[in-house]
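Input: a single structure, listed below in structure tokens.
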Amino acid sequence: MIRRLALVLMLIFMNAAGAAESVRPFTAGSLQQVLAPREGKPFVLVLWSLECQYCPTELKMLSELKRSHPRLDVVLIATDAVSDTPQLAARMESYGMSKAEQWVFADEMPERLRLEIDGRWYGEVPRTYFYDQKHQREVKTGLVNRKFVEEWLARNAIPDS
């Protein structure tokens, strides 16, 4: 019985450690690393934080939509610190978003990163960018409702295969 418990705990720890490794540091130039492989493809970029009151609701909703629209590409950028990576990975696991591409701010001056992402953004989260195929983006600050996302998906015709 104790051996089984130890094995289960070890597997949970290994899974959490592996998930934490998938969170990449977001530094100057990282936005281009997000955009380049998605050229000509629609996707959703979500800025969020562990401290954000509305982020769990939005992220869980996106996770549900991703299950019904597997081709929905969601990129997550946490505005927390790199030292928060284990908690970020665990939170995404609990929201069902562990397979989404994940980044975390990794600059001592987050203002530089905010400016790179959007000169009109002052750090409020959630902040969500809906990129169409031409990478024209539609910006939403605060909780995005499901109907808006479903309408965006319909306009951007992301076929499910």
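The values are calculated or read from the model by the stated rules, or taken from the named source; none is laboratory data. Remember, predicted model here, so these are calculated numbers, not experimental data. Don't worry about glycine lacking a Cβ; one is built from the backbone with ideal geometry, like all the others, and counts go over all protein chains shown. Surface areas here come from the heavy atoms of the whole protein model, side chains and all, with no ligands, DNA or RNA. Shrake-Rupley method; radii C 1.70, N 1.55, O 1.52, S 1.80 Å.
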Worksheet entry | Accessible area per residue in Å² at 1.4 Å probe, computed on the stretch 22-161 | 52 Å²
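For the stretch 82-161, just say rounded, prolate or oblate: build the C-alpha gyration tensor, square-root its eigenvalues into a ≥ b ≥ c, call rounded for a/c under 1.5, and beyond that prolate if a/b exceeds b/c, oblate if not.
Note, shape of the stretch 82-161 comes out oblate.
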Worksheet item: In nm, to one decimal, how far is the modelled label at ARG67 from the one at LYS134, with both set 7 Å along Cα→Cβ?
Response: 3.6 nm
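Using a Förster radius of 41 Å, what is the FRET efficiency between PHE148 and SER83 based on their Cβ-Cβ separation? Nearest 0.05, please.
Rounded to the nearest 0.05, the efficiency is 0.75.
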Discussion item. Give the separation of the Cα centroids, the stretch 64-121 to the stretch 122-161, in Å.
Written reply: 15 Å
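Could you check how much of the accessible area of the stretch 20-138 is carbon and sulfur, as a whole percent, using a 1.4 Å probe?
Ligands and nucleic acids excluded, carbon and sulfur give 48 percent.
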Worksheet, complete the sentence: Phi angles of the stretch 135-146, converted by Karplus (6.51 cos²θ - 1.76 cosθ + 1.60, θ = phi - 60°) into ³J(HN,Hα) in whole Hz with x for Gly and Pro, give 6, 6, 10, 10, 10, 10, 10, x, 5, 8, 8, 4
Discussion item. Please compute the modelled spin-label separation between LEU35 and ALA90, points set 7 Å along Cα→Cβ, answer in nm with one decimal.
Written reply: 3.6 nm
